[in-house]
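Here the structure is laid out as structure tokens; the discussion comes afterwards.
The values are calculated or read from the model by the stated rules, or taken from the named source; none is laboratory data. Everything numeric here is computed off the predicted structure, so don't read it as measured data. Glycine also receives a Cβ, built like all others from the backbone with ideal geometry; neighbour counts cover every protein chain displayed. Ligands, DNA and RNA are excluded from the accessible area calculation, which covers all protein heavy atoms including side chains. Shrake-Rupley method; radii C 1.70, N 1.55, O 1.52, S 1.80 Å.
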Amino acid sequence: MQHSLKDDYANCVKNYTNQFKDNSFRKLACNDFKSWPGPREETWRLSRLGTLSRKKIKPITPNLQKTINGKSKHIGSKIIKFVDGAYRGDLSSEMPLGVNLSSLNDSESLEYLQKLKKSNLNHHPSTNVSLSCTPSIMKLTVKKNIKVKDFFEIIYEGGEESQSVHPVLYVELEENSSLYLIERFNHFSTLAMPLQLTEIRNKASLNSIKIFNDNKETYNLSAHCVHLSEESNLNSFSLIKGGMFTRSETHAYLNGCGSKLSLNGIYISGNNQHHDLTTAIYHDVPDCISKQIVRGVLGGKSTGVFQGKVRVAQDAQRTDGQQMSRAILISENANANAKPELEIYADDVICAHGATVGELDDDQLFYLNSRGVPMDKAREILIKAFLEDMINQSVDNSLHDFVFKEAELALSSIIIKETL
């Protein structure tokens with residue numbers, strides 16, 4: 001009985017795709033989803049999906065009339081809105097000159113599928129399920145030499161209990177273009193599986209902020225594949241604070257000489273939440289730089305995971321690849337796991353990784369307390385400084401307050417519960 005229930009969702013996905021032709025991208029993706037990853041799969045060992053696999057869920061049929069009062073949090077930004085996983089042009093902004101947003105046709109969707117199948121997200125459940133069940137694959141293109149001054153804010157929302165949502169996005173920055181993208185995940189569904197492919201062409205630059213703040217019962221399995229070309233740049237920051245179980249997985253391929261990648265993140269976890277930042281960075285050519293800093297704060301009975309891999313190919317000489325993970329436990333029952341990994345085949349590189357898990361520094365607490373700061377306030381000051389330092393390094397000054405307030409809201413609720 002347990003086995004049949006575990007496979008129930010796979011059967012629902014299969015039934016959903018029965019309406020499509022056998023050579024459609026949906027059917028081809030569906031064929032590769034047999035069941036959920038098990039705990040014996042190394043990359044899922046620390047983030048087990050046993051509870052999710054026993055839930056009765058079916059892919060949602062989007063309600064194109066549904067409206068949700070999910071407003072922009074950054075005044076003046078261009079809005080792109082997905083409701084129930086479907087792009088809603090009626091709730092989105094008009095695109096400025098040099099920026100195009102369109103739905104991929106069948107042949108273009110097949111190409112999208114093939115690009116992901118050639119990556120190491122080939123067997124990720126979000127790759128196969130979301131491509132099977134998405135209403136459409138939306139493509140956001142910034143044309144050659146266009147420097148977009150507006151912030152773009154993508155809002156993902158909607159969903160229903162016992163249903164799954166599947167927004168799929170393709171972001172392409174053509175040569176010498178630039179874009180600042182803010183993505184907010186505010187789903188109410190039992191399961192959200194956002195899927196994204198990003199291609200950054202020669203000398204193009206993308207700044208990205210992702211804020212995961214789904215409903216407290218939501219499972220969010222986010223998958224993101226990034227390709228960087230010659231002298232391109234990606235500065236990415238993720239803040240995970242919502243959802244019962246949130247896993248943000250990014251695979252980044254540095255394919256062009258002189259490309260640069262910053263892939264930072266914060267997770268703030270309380271109650272029984274499980275938050276996971278998993279990354280894999282592939283240096284395939286010489287003279288590229290990747291930096292990654294992850295920080296976590298955990299209270300209650302929450303768990304946090306950082307899995308970070310840097311692979312340097314034999315020809316990728318003069319690579320600079322750095323990773324550092326730090327987690328602070330503010331509850332005796334919280335738990336953090338860090339699994340950094342280096343796989344180096346070149347001999348002229350500068351690569352390092354490190355990970356620490358611990359409590360707040362007793363000497364720093366004593367110093368503040370001895371100068372009249374109450375202990376609870378002293379703890380709050382140190383934790384906020386721990387996070388703010390990270391945010392200062394990761395986001396544009398004009399967005400600092402916006403991001404810090406988002407982090408502060410989650411942090412405050414955890415600190416209050418720990419001091420009751």
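Among K66/K210; K34/K58; K14/K56; K216/K291; K55/K115; K78/K139, which pairs are too far apart, with a Cα-Cα distance over 19 Å?
From K66/K210; K34/K58; K14/K56; K216/K291; K55/K115; K78/K139, over 19 Å: K66/K210; K216/K291; K55/K115.
Heavy-atom accessible area, probed at 1.4 angstrom with all protein chains present, ranks V148, V349, V168 as V349, V148, V168, highest first.
Rolling a 1.4 Å probe over the protein heavy atoms of the chain, with every protein chain left in place, gives an accessible area that is 47 percent carbon and sulfur. The accessible-area ordering, largest first, of the residues D362, D150, D214 stands as D362, D150, D214, per a 1.4 angstrom probe. Pick from L234, L121, L382: which is most flexible by mean-square fluctuation in a GNM of the chain where alpha carbon atoms under 10 Å apart are linked? Comparing L234, L121, L382 in a Gaussian network model of the chain, the most mobile one is L382.
Over the stretch 2-256, the Kirkwood radius and the radius of gyration, each from Cα atoms, give a ratio Rg/Rh of 0.95. Short-range pairs are left out: with C-alpha atoms under 8 Å and at least six residues apart, the relative contact order of the chain is 9 percent. Of all the options S238, S331, S107, the one that moves most in a Gaussian network model of the chain with Cα springs shorter than 10 angstrom is S107. Calculated accessible area for the chain comes out at 43 Å² per residue, all protein chains present (probe 1.4 Å; ligands, DNA, RNA ignored). Modelled spin labels at Q364 and N335, positioned 7 Å past Cα toward Cβ, are 2.6 nm from each other. Considering only T127, F245, I200, and ranking their Cα positions along the charge dipole of the stretch 2-256 that arises from unit charges at the beta-carbon of Lys, Arg, Asp and Glu, the one farthest toward the positive end is F245. Sites counted here are chymotrypsin sites (Phe, Trp or Tyr not before Pro) in a DSSP loop (not H, G, I, E or B) having no more than 15 other Cβ atoms within 10 Å; the longest part of the chain that contains none of them is 21-344. Calculated mean residue ellipticity at 222 nm for the chain: -7000 deg cm²/dmol, from DSSP H runs with n ≥ 4 weighted as -39500 (n - 2.57), summed, divided by the residue count and rounded to 500. Among beta bridges identified by DSSP and lying wholly in the chain, the antiparallel ones come to about 5 percent.
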